[in-house]
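Student: One structure is given below, represented as structure tokens, and several questions about it will come after.
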Amino acid sequence: GKLTVQELANKLDKSASEIIMKLMKMGTMASINQEISLEIGSLVASEYGFELVQGGSDEEELEAIEELLEIEEDREEDLVKRPPVVTVMGHVDHGKTSLLDAIRSTNVTSSEAGGITQHIGASEVMVNGEKVVFLDTPGHEAFTSMRARGAQVTDMAILVVAADDGIMPQTVEAINHAKAANVPLIVAINKIDKPGANPDRVKQELSEQGLLVEDWGGDVICVPVSALKREGIDTLLEMVLLVAEVEELKANPKKRAVGTVIEAELDKGRGPVATILVQGGTLNVGDPIVCGLASGKVRAMINSKGKRVKAATPSTAVEILGLSEVPQGGDQFVAVATDKIARNVAEKRQQMAREEMLKSNQRMSLDDFFSQMGDAEVKELNIVIKADVQGSVQAVKQSLEKLSNEEVAVRVIHGGVGAVTESDVMLAAASNAIIIGFSVRPVPGAEMLAQKESVDVRTYTIIYKAIEDVQAAMTGMLDPEY
Ligand code: GDP
């Protein structure tokens, strides 16, 4: 392999003349379009502390560039406490939106009360002098679609359960989404002001889902609240701080910023606008950044109170202006040293994305489970089960989990009654699971989404057929024994 002086200069983000000078010092005379060997190129690169990747496939080249983006491992002494980022989940009408409103209103200072608070996708509240960040879109859909894109932004979830209604299908979904993401849960039993409220029944139903609340001897924190009457909100927020304390959330503010896009849109006047969550480092106005397939320079930052800020530290959500195009929710962003690196990486990513579109993206499928799992010590097969009646969900779940052995763990990460929905597909995509529908079919939207996300959805009417297929896939993937 060879590359020209200009190409090398581009890779290193230096001027060609600087590279020519370096080469001269090393005893090599070269002009700007002249090809030099990879060995010599590597020598020059190493002078700048970089390594050239030999072989030179696009993928390797991208990796090399992405490595340039990577900032050294955080040193322990650089890590400081950061605020928790919280999502509110639960069944429809159980009071997620009302609870978020109640939380936000506990915190409005009189000077802000009259002002226009502009929605940026996340809000910050102060609890006993400490900051807590809430993502403004309630429900597990946003949470899971981000996770399907490889992003984890929430540190904990508040599960809202209406005291007069109890655990409903979306409550179970939310529990399983949080479990799959390994995110701690705090239960808010809402609507305790209502005459029909029965918190004990909720606790009973929670225990049936494997969540034993503290006053029943378990470890799940549970707070009775009324979003409507604004009761119990302070206690709930204190519990959020408590869990955050236990989780020991930390980040290094002293490096170039990294984080995730919460939401983004094209604004008529302002161009592409993205709300991002800074997860590590500090983002400054003027920083060149790569954001998914977009790049740019941070032209302005607006915080959740609608104020312009110059810097954003870990666990801060800000709206940023200055991107070349609109990124997607769940995209990662990273601040880089120069505009040129930002542009190069974004261009490379766009090229890769186009190539990726042509290939179908790989997710788990039962057919080639074995090859997909490769050399993993314990192979995991995650399954989402949907069935027409609860009895079938249980039967299929038990039969399938019983197939687990020392080498293959079959895990049913979610089971529920009803058609296969978009939410099931996103959960499967996020957890690399397959979906088994028993006497049910996907809703049309779910079918399309499954295709787009390459999620394997299988439907059966006879239980033993499902077991047979899973068993076959498992035998196919068992390591040969001698
Ligand atoms: P979401 O769908 O989970 O976001 O639920 P909403 O926040 O929209 O609430 C659904 C309905 O329940 C609304 O009519 C709210 O006024 C009502 N609601 C929410 N919280 C409470 C509460 O604490 N007490 C009572 N009585 N009603 C509530």
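The values are calculated or read from the model by the stated rules, or taken from the named source; none is laboratory data. Remember, it's a predicted structure, so these values are computed and weren't measured experimentally. Side chains included, ligands, DNA and RNA excluded: accessible areas come from the protein's heavy atoms. Shrake-Rupley method; radii C 1.70, N 1.55, O 1.52, S 1.80 Å.
Student: If the reach is capped at under 22 angstrom between alpha carbons, list the lysines near residue 25, excluding any in the same chain fewer than eight residues apart.
Tutor: Correct list for residue 25: 2, 11, 14.
Student: Next question, about the same structure. Using modelled amide H (1.01 Å from N, peptide plane; none on Pro or chain starts), what sits under 5 Å from the amide H of residue 156, excluding residues fewer than 5 places away?
Tutor: It is 85, 87, by chain and number.
Student: Mind checking which lysines have their Cα closer than 24 Å to the Cα of residue 310? Skip sequence neighbours fewer than 8 apart in that chain.
Tutor: 81, 131, 250, 254, 255, 268, 297, 340
Student: Taking amide H positions as placed in the peptide plane 1.01 Å from N, state which residues far from residue 223 in sequence (5 or more) or on other chains have amide H under 5 Å from it.
Tutor: It is 187, 188, 189, by chain and number.
Student: What's the carbon and sulfur percent of the chain's accessible surface, probe 1.4 angstrom, rounded to a whole number? Can you show the working numbers first?
Tutor: Values: 11660 of 23240 Å².
Looking at the chain in its full context, I get 50 percent from C and S.
Student: Here's something else I'd like to know. Rounded, prolate or oblate for region 413-457? Axes are the square roots of the Cα gyration tensor eigenvalues, ordered a ≥ b ≥ c, and the cut-off for rounded is a/c under 1.5. Intermediate values should be presented prior to the final figure.
Tutor: On the way: a/c = 1.75, a/b = 1.14, b/c = 1.53.
Cα axes put region 413-457 in the oblate bin.
Student: Right, something else. Ignoring ligands, DNA and RNA, what accessible area per residue does the chain give at 1.4 Å, in Å²? Don't skip to the end; give the middle numbers.
Tutor: Working: 23240 Å² over 482 residues.
The answer is 48 Å² per residue.
Student: What percent of all Cα-Cα pairs in the chain falls into each 10 Å bin, going from 0 up to the bin containing the maximum distance?
Tutor: With 10 Å bins starting at 0, P(r) equals 4, 17, 23, 24, 19, 9, 4, 1, 0.
Student: For region 403-482, compute the orientation-averaged projected area of the C-alpha convex hull (one quarter of its surface), in nm². Write out the running numbers ahead of the final one.
Tutor: Working: hull surface 23.0 nm².
Spelled out: convex hull of the Cα atoms, projected over all directions, averaged, 5.7 nm².
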